[in-house]
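Report on the structure given below.
Values quoted throughout were computed directly from the atomic coordinates according to the rules given, and no laboratory measurement underlies them. Quantities reported herein were computed from a predicted structural model and do not represent experimental measurements. Counting neighbours? That spans all protein chains shown, and the Cβs are built from the backbone with ideal geometry, glycine included.
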Amino acid sequence: MLTLYYKPTCPYSLRVRLVLAEKLLPFSRRVVGEGDPPPELVELSGGNVPVIMDGSFAVADSTVISEYLEDAFARPALRPPDARGRAVIRGAMKRIDAEVMEPVEAIAEKGRGHADPALAAKMHDAFAVWEHTHRDNGLLFGMEFSLADAWLIAAVEKALLAGWELPADFPKLHKWHGRMRERASVRTERLMPPA
Ligand SMILES: N[C@@H](CCC(=O)N[C@@H](CS)C(=O)NCC(=O)O)C(=O)O
């Protein structure tokens, strides 16, 4: 049995919730509030989420958890079968972590109604990469939903909740976002705004 510790406001947790939903894996939810984390979570990860338990085996960190789930529950695959394809997806995940999450977290920190032109420009630059590299088929890579889509949609949803809007000059990203929002996983596993 899989058990996920997560915060409903957390984009890193959302990545894992999307992976579980895409793989149609049932899991029990341990929703962690903003107060003191449960003692077992402190022991497992210092209180950080997401953490998944597969029976008594614990895995922390969205990247490590998602790759564990790919290895342990292969179908449907969220990475291509070949080494080069996997390297492309892994590179995209790393790039989203390195370049997109920092401005997204800064936007989320400021919250609604706090326009910051420098931050808006940083968001524009961070997302321009994805407008220019991804295909026109409503997916970031290839023909199937991948971990890279999960990484980027979690970032976008977090920023949208904070009042950010996907820039109008990113038509491919708008198309991609529309396709993502049609998916059962994205419709079911929503982020909550901070209380
Ligand atoms: N690199 C980690 C980042 C996870 C992370 O930053 N989680 C935040 C919540 S979104 C956290 O647990 N912060 C400590 C806390 O909320 O007490 C991952 O990808 O899972």
Taking 10 °C and 1.306 mPa s as the conditions, I'd like the Stokes-Einstein D for the stretch 156-195 in µm²/s, using the Kirkwood hydrodynamic radius from alpha carbon pairs.
143 µm²/s
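Two-decimal Rg/Rh of the stretch 2-72 from alpha-carbon positions, Kirkwood Rh?
Numbers: Rg = 11.1 Å, Rh = 11.9 Å.
Value, to two decimals: 0.93.
Which entries of Lys23/Lys172; Lys122/Lys158; Lys7/Lys158 show an alpha-carbon separation above 19 angstrom in the structure shown? Write down the numbers at each step before the final one.
Working: Lys23/Lys172 26 Å; Lys122/Lys158 16 Å; Lys7/Lys158 13 Å.
With Cα atoms farther than 19 Å apart: Lys23/Lys172.
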Once exposed loop GluC sites (Glu not before Pro) are cut out (DSSP; at most 12 other Cβ, 10 Å), longest piece of the chain:
35-164
If each DSSP helix of 4+ residues adds -39,500 (n - 2.57) and the sum is divided by the residues in the chain, what number results at 222 nm, nearest 500 deg cm²/dmol?
-16000 deg cm²/dmol
Of Gly33, Gly113, Gly178, which is the most mobile in a GNM of the chain whose springs link Cα atoms less than 10 angstrom apart?
Gly113
I need the per residue convex hull volume for the chain, using only the alpha carbons, in cubic angstrom as a whole number.
117 Å³
Given q = 0.12, 0.15 Å⁻¹, what are the Debye log10 I(q)/I(0) values for the stretch 10-114, with equal point scatterers placed on the Cα positions and solvent ignored?
-0.49, -0.75
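Just how many % of Cα pairs in the stretch 83-183 lie over 21 Å apart, if you round to the nearest whole percent? Don't skip to the end; give the middle numbers.
Details: 1496 of 5050 pairs.
Cα-Cα pairs in the stretch 83-183 separated by more than 21 Å: 30 percent.
For the stretch 2-72, what relative contact order do you get, as a whole percent, if you take Cα pairs closer than 8 Å and at least 6 residues apart?
Working: 96 pairs, mean separation 27.1, N = 71.
Reported relative contact order: 38 percent.
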